[in-house]
Amino acid sequence: MFEAYEELAGELAQLSNYYQKYARIIRDHGPALRQRLDATSGSGRVHLWRKAHNYRREMAAVIRAARNDGERRTFLGTYFAFQVLHLHALSIHTLRRDAAAARDRLPVYHQILTRLRFQLRDLITAYLGALVETCSRGEPLDGVAFCNVGMLLDQDDLDIAIFARPDVDAALWNPVVSAVGAEFFRYATKMHFYLAEKTVGRTFLTTIEDIRTYLRRGAHNFVLISELLLTERLVGDESLIADVEREIIDLFYHEQGRPRLHEGYLRGMIGEVHEQLRFDLSSPWVSPKTHGLRLIHNLTNMLKTIHDIRAHGSRETLELLKVRDPNNAGLYAGLQDVFSFIEMFFYVYQLMVSVEDTFDSNDAVAVGHLDRVAEALGFAPQGPVRPALRLLTHYYEELDRLRALAPQALAMVNQHLQRVTVFNQITAGGRPADYPVAWTENVFLNILLLFQVYLGMIYWDDIFQLLARDSGAAIQTIMNSLEQLPDEQQSPAFERLLRLLAFDMDSIVQTAVLFQSVADRPTFARYAAFTREWLLEHFATRPGRLAALIEILPHRPATVTEFLLGFDRDQLLRLRRLAGHPATQSAVDARASKRFSLLCDLLAFSSNHYRRCFARVSREQPEIVTHPDDRDYLRGTADTLWAELADAEGPEELRRRLGVYYEFGFCRCGLLAVSQPGDLKLLYGVYHEFFRRYFRWLYRACQWQVEAQGLAGLHYRERDEDDQPLAVFCSGGYAREEAFEQDLDLFVLTREQSPEFGRYAIGLINDLNRELTRRGIMPHHRLTEFFGTFAFSLDRLEAFLATPREHDFIELSLLMGSRLLIGSHSFDTAIGELLDRYLFRQPDRFIRDMLAEIDARRTYQFSRRGDTVNVREDPGALRDIQTAVTAALARIGRREPTLWTACATLADALPAQAADLRTLERAYRFMRYFRDTYSLSQTEADHILRDRLLATAHRMGFAPDEIAGASGTAPRLLRTYRYHRVRSQRAIARIASAIAP
């Protein structure tokens, strides 16, 4: 309530520039209106300085006060300006008062917005009715109805549909509508006539037949259909609107409508919702309307057609959905809460800052304006946190909540579509009515006709799910019908299907994945290959379609990964080259393009084992696909998976989580090997950090399982890993902290001797062995051959070492290269003491045997030269380097499993051999890099085929002209390998001379 213009002007100062026009209107015309009201004794019946209670009656008084048509229009607009400001001022005052005091602001927002919408609708209805009467000079509205088909609280325009019966004089009413629109734009807001623009175009009036004609062409325009579903009569013929509802709007509802239109609308809308869900939350651009309100409106519009709810706005629809579908009332309540917050945020922002629906959160001026919005919404400053930051934080929390709720609503729509889709009838051989096509006798051709009817729709997930059911029975029926066509028609018909699906890259990717999933059937394998080759040609001529594929990668990472796994190496390289084309690059985000190319490169040059593992991980942890080049992000994901292991409620769940954690870590290290080639210390450090975590938790899981079975009646699970009755040691590659080893050498020590504990230990270690084998790691227990049991005591180990035996250097070197994984460090100390007594005090025999092993291996390898390279066993290769370094460590009485640390230790102790030790370290680094890369790109076998080195050489960074494609060999790689091997042999020979007895 205001007493004078000065008070109103003070209130206007808080509003956006858009609302300053009301100040001009009131300033320019308010005095004249007041004067005429006084002159006609109407001032007591018309409220200018306070909110009115009967807009129609007061506008009638305003009309009577005017002396001519021009004054009537001016005074009506001025009165509207007064009342609009009163409505908004009252809402803001109520909001400031109630939100500041409320613990929960959402009920406050809900109540204010509900009341405001009804009051604003009444005001607009009264003003529109008065304008229509004035501009038409009292022409009856029989056969004409002005309707709201949008959101009244969206203040930048008013969406209007004007329905008319066929006999209405358009020549009379078009000028009236034009005049009403001009007056509305001058004193209120612009009118938008989208329905008329799309259905007729030449007139403001739309008849039922106009809409019928438009819909015969298809139900593609979900925006127009959504407007129809929101139809709310403001002014005009009620019986006409009843006819519109019965003859047009009801067609889109499940119970009373036409299946073609209902299904078409849902397909168009759900595709739009998927697109809306793909917006990047990391963007600094804030758009409550685009990212929040439209999404909720679209969800509720779909659900209202499924549950047969006739309501105008989303708020009313959600309220009714809670009653109609009580099983999902929690979902609807959540959507209501998000809607109340975002709509209030957007309403106050438009009122106080700008009617534009987007702003930059990095803009200091915009954030300053946002402080005022936040304070009005009840977000006072807290310490150093300004109101705008509190508001934005809550806004993004609500968007996160919406992104969690939306898939639940989409799943409901998807399930509904699977039940009602005409696709079921077609695959069963039916010919549905009400479709503007001539159905054939062939199921495949009828599927083409169906896609033609729904041309441009971008949602077919429900269909692909139906096709995948029952081992692909439906897709088999469809493909059988394709095979029934004459041979010369089959490929063109299938290509036509691809062209129809190519409107939506999601659909064509899912088609390819579906065919790949049943590739064991020759027909499907053939058409899957046809699809891949066709797509490559399609992408070559239409770079924008490849850009569409790249853009869906963050949203369907597992599906796109499965899709790419169907391509062979040459096809993946073609795809990567096409992704680098300037036309493709210009149509897609640079980072997305880079990640897509990295994924193509990774899959093109990876072993089948790695590809299968990567595909599984992409389903469980899509971050491996969406952030392949972000080392810190993947590290954070790995840490989260590790931390969540503690939440497992039983040993089986813990094993499942451990499987995910291991495979994620394995694939993450494979990516690191690609992105940081040759940095072995970094790679091995990351690999063994995750493997140690994995192994310790695996021990816990197996222990939990054994103790839960109660076979031995023992319980040690509450003890720390360093206080266990078993000490688990590894040796070999895992002790040296090398990556991607397929064998894990283990031995287990204990001080417990009871039979019960023996059963406990056997059960636990057997469980460990099984789980490691599932992960592709083969456990070996060499010392078990001598002791007859997995777990043995230190006393038995000492007795074993005390008796010299032929080839006992093998067991001694195993102990020298061992590393404790589980158990007390006292066991590790004891191993060192045993080595000191039985090796380091008299190392000569051990050193002779180790050096003789190098000579014997060289003689054996020379006797069986072939077409393979053995980076582990070749003379001067990894095994010789490890043997020479272990022998040298025995000479100085030191134990160190990690090879480069051992080389540094030996260089200090044997300075005369420092140069040779550096040679060995360089050779070791290159050969491990060679072997690791071959393992990831081909196979984990030790024997490397010379004609299978192309992928390995590529991943090791050799230039294309250094890789001989014809023979399959990589001469530069092999020359480099021979160079290091020869230098290694010479260095080993000199070190052997220095340490030999």
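The values are calculated or read from the model by the stated rules, or taken from the named source; none is laboratory data. Only a predicted model underlies this, so the values are computations on that prediction, with no experimental measurement involved. Positions of Cβ are generated from backbone atoms using ideal geometry, with glycine treated the same way; all protein chains shown enter the neighbour counts. Ligands, DNA and RNA are excluded from the accessible area calculation, which covers all protein heavy atoms including side chains. Shrake-Rupley method; radii C 1.70, N 1.55, O 1.52, S 1.80 Å.
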Q: Specify which of the listed residues (ILE208, ILE270, ILE249) is closer than 18 Å to PHE423 by Cα and either free of Cβ contacts under 8 Å to residues at least 24 places away in the same chain or of a type in the set (Val, Ile, Thr) (or both).
A: ILE270
Q: Given the conditions (1) farther than 30 Å from ASP568 by Cβ; (2) open to solvent by 30 Å² or more (accessible area, probe 1.4 Å), report the number of the one that ASP874 does not fulfil.
A: (2)
Q | Odd one out for ARG857 among (1) open to solvent by 30 Å² or more (accessible area, probe 1.4 Å); (2) at pLDDT below 90 | A | (1)
(Q) Need the failing condition index for ALA529 against (1) farther than 24 Å from VAL420 by Cα; (2) touching a residue at least 40 places away in the same chain (Cβ under 8 Å), just the number. (A) (2)
Q) Inside the stretch 775-816, counting only helices (runs of 4 or more DSSP H) that do not spill past its ends, which hold 2 or more residues that are more than 51 Å from the chain's Cα centre (by Cα), under 11 Å from VAL748 (Cα atoms) and not aromatic (Phe, Trp, Tyr)? A) 794-802
Q.
Go through the stretch 759-774 and report how many residues are within 41 Å of the chain's Cα centre (by Cα) and surrounded by fewer than 16 Cβ atoms within 10 Å (Cβ to Cβ).
A. 4
Q: State whether the residues of the stretch 65-77 include one that is within 21 Å of ASN148 (Cβ to Cβ) and in contact with an Asp or Glu (Cβ under 7 Å, 6 or more places away or on another chain).
A: yes
Q. When only residues in the stretch 66-105 that are among the polar types (S, T, N, Q) and part of a helix (DSSP H, G or I) count, which is nearest to ASP154 (Cα to Cα)?
A. SER91
Q | Selection count where residues are open to solvent by 10 Å² or more (accessible area, probe 1.4 Å) and under 20 Å from ASP360 (Cβ atoms), scope the stretch 277-293 | A | 11
Q. What about GLY832, is it within 20 Å of GLN882 (Cβ to Cβ) and touching a helix residue (DSSP H, G or I) at 6+ places or on another chain (Cβ under 7 Å)?
A. no
Q: State all residues of the stretch 207-251 that are surrounded by 20 or more Cβ atoms within 10 Å (Cβ to Cβ), of a type in the set (Gly, Ala, Ser) and over 28 Å from ALA126 (Cα atoms); if no residue qualifies, say none.
A: ALA219
Q | Members of the stretch 672-683 that are surrounded by fewer than 22 Cβ atoms within 10 Å (Cβ to Cβ) and part of a helix (DSSP H, G or I) | A | LEU672, VAL674, SER675, LEU680, LYS681, LEU682
(Q) Quick check on this structure: which one of LEU76, LEU106, LEU90, LEU48 is more than 14 Å from ALA126 (Cα to Cα), touching a residue at least 12 places away in the same chain (Cβ under 8 Å), in the same structural domain as ARG24 (by the TED database) and surrounded by 21 or more Cβ atoms within 10 Å (Cβ to Cβ)? (A) LEU48
Q: Would you be able to tell me the number of residues in the stretch 608-667 that are open to solvent by less than 40 Å² (accessible area, probe 1.4 Å), hydrophobic (A, V, I, L, M, F, W, C) and out of contact with any Asp or Glu (no Cβ under 8 Å at 6 or more places or on another chain)?
A: 10
Q) With GLU718, GLU756, GLU752, GLU737 as the choices, which residue is crowded, with 16+ Cβ neighbours inside 10 Å and either of a type outside the set (A, V, I, L, M) or assigned to a helix (DSSP H, G or I) (or both)? A) GLU737
